[in-house]
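K.L.:
Below is a structure I'd like to ask you about.
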Amino acid sequence: MSFTRKDLLGIEELSAGEIQSLLVAAVSFKEIIERNVKKVPTLRGKTIINLFLEPSTRTRISFELAGKYLSADVINISAGGSSVSKGESLLDTAKTLEAMKADYLVVRTPFAGAPLYLAKMVKSAVINAGDGAHEHPTQALLDLFTIQEKFQQIRSLKVAIIGDISHSRVARSNIWGLLKLGAEVTLIAPPTLLPIDIEKMGVKVRFKIDDELKKADLVYVLRLQRERQRGGLLPGLREYARLYGINSSRISKKAMVMHPGPLNQGIEIDDELAYGPRSLVTDQVTNGLAVRMAVLYLLVGKK
Amino acid sequence: MATKKMLAMDSSEIKRALRRIASEIIEKNNGTNELAIVGMVTKGVFLGNRLVKEINCLEDVAIPMGVLDTTLYRDDVNSKNFRPRVEQTEINFDINGKKIILVDDVIYTGRTVRAALDALMDFGRPQCIQLAVMIDRGHRELPISADYLGKLIETRKDEQVLVAVKEIEKEDMVYIVKDKKKSVKDGK
């Protein structure tokens with residue numbers, strides 16, 4: 001069980017053993033963020049550059065804090081204030097940052113595959129912080145960590161993922177991760193928000209809420225990505241909320257709920273459930289720090 | 001792989017050494033007031049637990065025990081292909097004002113103890129820190145020495161010292177291990 005990669009680009013290419021070694025390491029880092037002095041000197045002298053070409057609060061802050069808790073220097077770049085807005089290409093930007101001796105590039109982009117491309121072109125460790133509708137590996141890792149913490153075991157756990165699967169990199173990374181660790185995954189979404197042939201990944205698919213949802217131990221509610229909706233996929237938000245919105249009467253009494261944030265309150269999930277005792281949403285956020293610290297630690301110095 | 005294993009301490013010697021160290025700790029600190037033991041992952045934890053028991057036998061008090069992993073404070077994190085597993089640190093008491101007895105199995109270069117001192121300081125400001133180890137094998141690279149010592153053993157750098165404990169190796173023994181094929185550069 002070990003992790004020897006230079007980059008973290010997606011969950012698809014990881015083995016179950018690699019995922020487990022990241023999750024095991026994260027347990028130790030979680031202890032650090034609960035201390036009074038939340039800092040260890042491990043990455044002293046290392047530089048992490050957060051290159052975020054799409055808006056983000058929690059992922060960016062989470063990477064920033066994870067780096068700072070490990071004593072690295074962290075710099076944030078967004079599309080607006082950088083030469084990206086003058087038309088500099090992503091590769092030029094990355095090469096420039098590499099030349100400034102950045103040890104890590106944490107990349108969030110609207111383009112699927114861009115982190116993979118950069119990883120091949122630069123020596124810095126590249127971490128995919130979300131690329132288009134492709135993958136968001138650290139989100140899946142923090143979700144898997146949260147599930148393992150709550151249920152002890154992921155094998156044979158019944159997980160329902162509900163919402164906009166087509167546009168969701170979170171869904172894709174989580175499906176890979178859950179299946180590799182042996183969970184039973186059911187996707188629930190209107191047909192217009194499901195990619196064609198998604199069953200071939202090894203998941204069950206439902207177009208409506210039915211008994212399958214009641215059987216789930218864990219209900220993972222996706223954010224309806226209003227900014228990525230092209231016209232015509234949904235008749236309207238109110239109808240979506242009525243047909244696919246999750247509230248406590250629609251799920252099993254024992255089920256827990258998760259959501260990657262940010263929430264569209266009252267649309268995909270009702271407030272009482274999202275902030276209630278059966279919600280793991282805040283655990284997800286805390287665990288995100290621990291998992292990202294583990295990722296940064298395990299990628300250090302692999303050139 | 002041809003290895004040669006020489007016995008350096010047997011289980012009764014280890015037991016006597018622990019008992020002696022326990023009394024030395026009590027004597028040097030004028031009792032057990034404010035004492036706490038912190039065992040260093042992995043073997044130091046087992047030895048630390050035994051010291052807690054020995055002190056309990058002698059003075060009838062239960063002193064607090066913590067576990068310290070120094071991986072994240074090491075000075076060789078940058079070296080290539082070096083990535084030991086991070087274990088968990090568990091110090092469930094306030095170390096401010098405590099007299100901390102840091103426990104490990106072997107002291108060698110002194111770098112692990114250096115890391116442990118830094119790690120402990122992040123938890124607060126202890127009154128003092130003292131070091132107890134079972135084996136001092138020499139070859140120090142830092143100005144650090146043990147306050148309580150089981151046994152001093154002259155070793156060569158290509159030898160290893162293995163402190164075996166019941167909890168892992170099913171026996172309490174100390175061996176000097178010599179690998180005839182490759183010389184071991186680092187490590188206990």
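The values are calculated or read from the model by the stated rules, or taken from the named source; none is laboratory data. Quick caveat, the model's predicted, so the values are computed rather than measured. Cβ: placed from backbone, ideal geometry, glycine included. Neighbour counts: every protein chain shown.
K.L.:
I'm trying to understand the selection: among the residues of the range A:225-258, which are more than 15 Å from A:V159 (Cα to Cα) and either modelled with pLDDT of 90 or more or acidic (D, E) (or both)?
P.N.:
Correct list: A:E227, A:E239, A:Y240, A:A241, A:R242, A:L243, A:Y244, A:G245, A:N247, A:S248, A:S249.
K.L.:
Does the range A:236-247 contain at least one residue that is among the aliphatic types (A, V, I, L, M) and assigned to a loop (DSSP other than H, G, I, E, B)?
P.N.:
There is no residue in the range A:236-247 that is among the aliphatic types (A, V, I, L, M) and assigned to a loop (DSSP other than H, G, I, E, B).
K.L.:
While we're on this one: Looking at the range B:92-188, what strands (runs of 3 or more DSSP E) fall wholly within it and have at least 3 residues that are at pLDDT 95 or above and closer than 30 Å to A:N36 by Cβ?
P.N.:
Output list reads B:99-107, B:128-136.
K.L.:
Continuing with this model, one more query. For the range A:1-21, give me each residue that is among the hydrophobic types (A, V, I, L, M, F, W, C), over 17 Å from A:M121 (Cβ atoms) and within 16 Å of the chain's Cα centre (by Cα).
P.N.:
Hits for the range A:1-21 are A:I11, A:L14, A:I19.
K.L.:
In addition: Would you confirm whether or not the range A:150-163 contains a residue that is within 25 Å of A:D131 (Cβ to Cβ), outside any strand (DSSP E or B) and in the same structural domain as A:P260 (by TED's automatic domain parsing)?
P.N.:
So far as the range A:150-163 goes, yes, one or more of its residues are within 25 Å of A:D131 (Cβ to Cβ), outside any strand (DSSP E or B) and in the same structural domain as A:P260 (by TED's automatic domain parsing).
K.L.:
Additional query: Give the residues of the range B:1-38 that are touching a Lys or Arg at 6+ places or on another chain (Cβ under 7 Å) and of a type in the set (S, T, Y), sorted by residue number.
P.N.:
The one that is touching a Lys or Arg at 6+ places or on another chain (Cβ under 7 Å) and of a type in the set (S, T, Y): B:T3.
K.L.:
What are the residues in the range A:9-41 that are part of a loop (DSSP other than H, G, I, E, B), surrounded by fewer than 19 Cβ atoms within 10 Å (Cβ to Cβ) and within 13 Å of chain B (Cβ to nearest Cβ), if any?
P.N.:
Correct list: A:E34, A:R35, A:N36, A:V37, A:K38, A:K39, A:P41.
K.L.:
In this structure, does B:F46 turn out to be within 14 Å of chain A (Cβ to nearest Cβ) and in contact (Cβ under 8 Å) with a residue 24 or more places away in the chain?
P.N.:
Taking the combined requirement at face value, the residue does not satisfy it.
Residues are listed down the side, and each one gets a yes or a no for (1) away from every other protein chain (no Cβ under 14 Å); (2) of a type outside the set (K, R):
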| site | (1), (2) |
| --- | --- |
| B:R50 | yes, no |
| B:T89 | no, yes |
| B:I100 | yes, yes |
| B:A115 | no, yes |
| B:H139 | yes, yes |
| B:L149 | yes, yes |
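K.L.:
Please indicate, with yes or no, whether at least one residue in the range A:238-258 is more than 21 Å from the chain's Cα centre (by Cα), surrounded by fewer than 18 Cβ atoms within 10 Å (Cβ to Cβ) and closer than 30 Å to A:E31 by Cα.
P.N.:
Yes; the residues of the range A:238-258 include at least one that is more than 21 Å from the chain's Cα centre (by Cα), surrounded by fewer than 18 Cβ atoms within 10 Å (Cβ to Cβ) and closer than 30 Å to A:E31 by Cα.
K.L.:
Can you confirm whether A:I77 is more than 28 Å from B:T70 (Cβ to Cβ), modelled with pLDDT of 95 or more, in a strand (DSSP E or B) and not assigned by TED's automatic domain parsing to the domain that holds A:I198?
P.N.:
no
K.L.:
Given the conditions (1) buried (at least 24 other Cβ atoms within 10 Å of the Cβ); (2) in contact (Cβ under 8 Å) with a residue 40 or more places away in the chain; (3) more than 25 Å from A:L289 (Cα to Cα), which single one is not true for A:L187?
P.N.:
A:L187 satisfies all of (1) buried (at least 24 other Cβ atoms within 10 Å of the Cβ); (2) in contact (Cβ under 8 Å) with a residue 40 or more places away in the chain; (3) more than 25 Å from A:L289 (Cα to Cα) except (2).
K.L.:
Within the range A:53-70, take every residue that is at pLDDT below 95 and in contact with a Lys or Arg (Cβ under 8 Å, 6 or more places away or on another chain) and give me the one that is farthest from A:S83 (Cα to Cα).
P.N.:
A:S56
K.L.:
Right, here's the next one. Would you be able to say whether some residue in the range A:266-283 is touching a residue at least 60 places away in the same chain (Cβ under 8 Å) and either within 14 Å of another protein chain (Cβ to nearest Cβ) or of a type in the set (V, I, T) (or both)?
P.N.:
Within the range A:266-283 (the criterion being touching a residue at least 60 places away in the same chain (Cβ under 8 Å) and either within 14 Å of another protein chain (Cβ to nearest Cβ) or of a type in the set (V, I, T) (or both)), the answer is no, since none of the residues qualifies.
K.L.:
Working only within the range B:146-160, note down all residues that are within 15 Å of B:I21 (Cβ to Cβ) and loosely packed, with under 15 Cβ neighbours inside 10 Å.
P.N.:
Within the range B:146-160, just B:L152 meets the criteria.
K.L.:
Continuing with the same structure: Only residues that are closer than 23 Å to A:L178 by Cβ and of a type in the set (S, T, Y): list them for the range A:249-281, please.
P.N.:
Residues satisfying the conditions are A:S252, A:S279.
K.L.:
If B:I37 satisfies all but one of (1) more than 10 Å from chain A (Cβ to nearest Cβ); (2) assigned to a helix (DSSP H, G or I); (3) crowded, with 18+ Cβ neighbours inside 10 Å, what's the number of the condition it fails?
P.N.:
Every condition holds for B:I37 apart from (2).
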